[in-house]
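*Asks:* Got a structure here, written out as structure tokens. Questions coming.
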């Protein structure tokens, strides 16, 4: 048994997946893409449609809140895209807090 925060966890591992065997490929999200920058003390995210039209702007200072808003608004259709956005927004939030330059990967 493993003592978790809320539950006792019973180990029952049936498969170990070696993630080094999965290639890193880019598969565009049909809904569009995001441009992320730090602007005037906030994280600013622009949503660009698959037809390359900037249609939405989100501002905030908390990566988790911004990602939840993006998901609730239905702006992503792929889990990999949401995971990428989470990483990028977290990097932007760290840069914002440390007053460092942020460049989107």
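None of the figures in this text is laboratory data; all of them are computed from the coordinates on show. In this text the structure is predicted, and so the values were computed from the model without any measurement. Don't worry about glycine lacking a Cβ; one is built from the backbone with ideal geometry, like all the others, and counts go over all protein chains shown.
*Asks:* Pairs needed: first member in region 10-31, surrounded by 10 or more Cβ atoms within 10 Å (Cβ to Cβ); second member anywhere, part of a helix (DSSP H, G or I); C-beta distance under 6 Å; at least 6 residues apart or different chains.
*Replies:* Going by the 6 Å Cβ cut-off, the qualifying pairs are 29/81.
*Asks:* Within region 65-86, can you find the residues that are in a helix (DSSP H, G or I) and either more than 13 Å from the chain's Cα centre (by Cα) or free of Cβ contacts under 8 Å to residues at least 12 places away in the same chain (or both)? Reasoning before the result, please.
*Replies:* If we filter region 65-86 for residues that are in a helix (DSSP H, G or I), which is where we start, we get 65-72, 79-86.
The answer is 65, 68, 69, 71, 72, 79, 83, 84.
*Asks:* Sticking with this one: Only one of (1) touching a residue at least 24 places away in the same chain (Cβ under 8 Å); (2) in a loop (DSSP other than H, G, I, E, B) fails for residue 95. Which number is that?
*Replies:* Going through the list (1) touching a residue at least 24 places away in the same chain (Cβ under 8 Å); (2) in a loop (DSSP other than H, G, I, E, B), residue 95 breaks only (2).
*Asks:* If I filter region 38-61 for residues that are in a loop (DSSP other than H, G, I, E, B), in contact (Cβ under 8 Å) with a residue 24 or more places away in the chain, over 27 Å from residue 23 (Cα atoms) and within 15 Å of the chain's Cα centre (by Cα), do I get at least one hit?
*Replies:* In the first step, residues of region 38-61 are kept if they are in a loop (DSSP other than H, G, I, E, B); the result is 40-41, 50-53, 61.
Filter once more, keeping what is in contact (Cβ under 8 Å) with a residue 24 or more places away in the chain: 41, 61.
Retained after the next criterion (residues that are over 27 Å from residue 23 (Cα atoms)): 41, 61.
Narrowing the set further to residues that are within 15 Å of the chain's Cα centre (by Cα) leaves 61.
Checking region 38-61: at least one residue is in a loop (DSSP other than H, G, I, E, B), in contact (Cβ under 8 Å) with a residue 24 or more places away in the chain, over 27 Å from residue 23 (Cα atoms) and within 15 Å of the chain's Cα centre (by Cα).
*Asks:* If you don't mind, there's one more thing I want to ask. Would you mind finding the one in 41, 4, 74, 60 that is surrounded by fewer than 11 Cβ atoms within 10 Å (Cβ to Cβ) and in contact with a helix residue (DSSP H, G or I) (Cβ under 8 Å, 6 or more places away or on another chain)?
*Replies:* Details: 4 fails: in contact with a helix residue (DSSP H, G or I) (Cβ under 8 Å, 6 or more places away or on another chain); 74 fails: in contact with a helix residue (DSSP H, G or I) (Cβ under 8 Å, 6 or more places away or on another chain); 60 fails: surrounded by fewer than 11 Cβ atoms within 10 Å (Cβ to Cβ).
Residue meeting the stated conditions: 41.
*Asks:* Can you confirm whether residue 67 is surrounded by 11 or more Cβ atoms within 10 Å (Cβ to Cβ) and in contact with a strand residue (DSSP E or B) (Cβ under 7 Å, 6 or more places away or on another chain)? Reasoning before the result, please.
*Replies:* Values: surrounded by 11 or more Cβ atoms within 10 Å (Cβ to Cβ): yes; in contact with a strand residue (DSSP E or B) (Cβ under 7 Å, 6 or more places away or on another chain): no.
So residue 67 fails the test.
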